[in-house]
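In what follows, a structure is listed as structure tokens, so that the remarks can point back to it.
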Amino acid sequence: RQAGAREVLVSGGRRWALMHELRGDDEPVLTELLSHLDDADLVLVEGFKRDPLPKLEVHRPALGHPLLSANDPHIVAVACDAPVDTPLPTLDLNDPIAVARFVVARATPGPDARR
């Protein structure tokens, strides 16, 4: 990458990965990125917080940051490690099984999903 390659392909006996440098290009939209995936039952995405998608906010009150959910109607729950003042469902950040159950319960197939 440092030598100027726009794409780098890494391959091994069990996996491969392609990294593409944007080099000043606009960040691709999520739907474009998802088009590169094979069929999947569930895709978890980190980032894209400005996209109008259902979101789970991960919040640690001890860090002193305000809740994002107060200004984002797409946040459906808050996973936290201490009590927070929110009308949304709260999940114990230290209970990943409960968080996973919440995500799976809310997952809805997209329009192209095979049933």
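The values are calculated or read from the model by the stated rules, or taken from the named source; none is laboratory data. It should be emphasised that the depicted structure is a prediction, and the values quoted were computed from it without experimental measurement. Counting neighbours? That spans all protein chains shown, and the Cβs are built from the backbone with ideal geometry, glycine included.
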Checklist entry - How many residues, within the range 30-52, are surrounded by 11 or more Cβ atoms within 10 Å (Cβ to Cβ), more than 27 Å from N94 (Cα to Cα) and either β-branched (V, I, T) or touching a helix residue (DSSP H, G or I) at 6+ places or on another chain (Cβ under 6 Å) (or both)? => result 0
Item to check | Members of the range 36-66 found to be modelled with pLDDT of 95 or more and either outside any loop (DSSP other than H, G, I, E, B) or in contact with a Cys (Cβ under 9 Å, 6 or more places away or on another chain) (or both), listed by number | outcome: L56, E57, V58, H59, R60, P61, A62, L63
Checklist entry - Name the pairs whose Cβ atoms lie under 7 Å apart, with the first residue in the range 18-46 and farther than 24 Å from V103 by Cβ, the second part of a loop (DSSP other than H, G, I, E, B), and 6 or more positions between them or separate chains? => result H20/R6; E21/R1; E21/R6; R23/R6
Item to check | Any hit, the range 85-102, residues being in contact (Cβ under 8 Å) with a residue 40 or more places away in the chain, surrounded by 12 or more Cβ atoms within 10 Å (Cβ to Cβ) and small (G, A, S) | outcome: no
Next on the checklist: Considering only residues that are part of a strand (DSSP E or B) and either on the phi > 0 side of the Ramachandran plot or not charged (D, E, K, R) (or both), which ones fall in the range 5-33?
Outcome noted: V8, L9, V10, S11, W16, A17, L18, M19, H20
Next on the checklist: Given (1) touching a strand residue (DSSP E or B) at 6+ places or on another chain (Cβ under 7 Å); (2) within 18 Å of D72 (Cβ to Cβ); (3) exposed (fewer than 10 other Cβ atoms within 10 Å of the Cβ), identify the lone condition not met by K55.
Outcome noted: (3)
Item to check | Counted residues, the range 67-100 - those being assigned to a loop (DSSP other than H, G, I, E, B), in contact with a Pro (Cβ under 8 Å, 6 or more places away or on another chain) and under 16 Å from E46 (Cα atoms) | outcome: 1
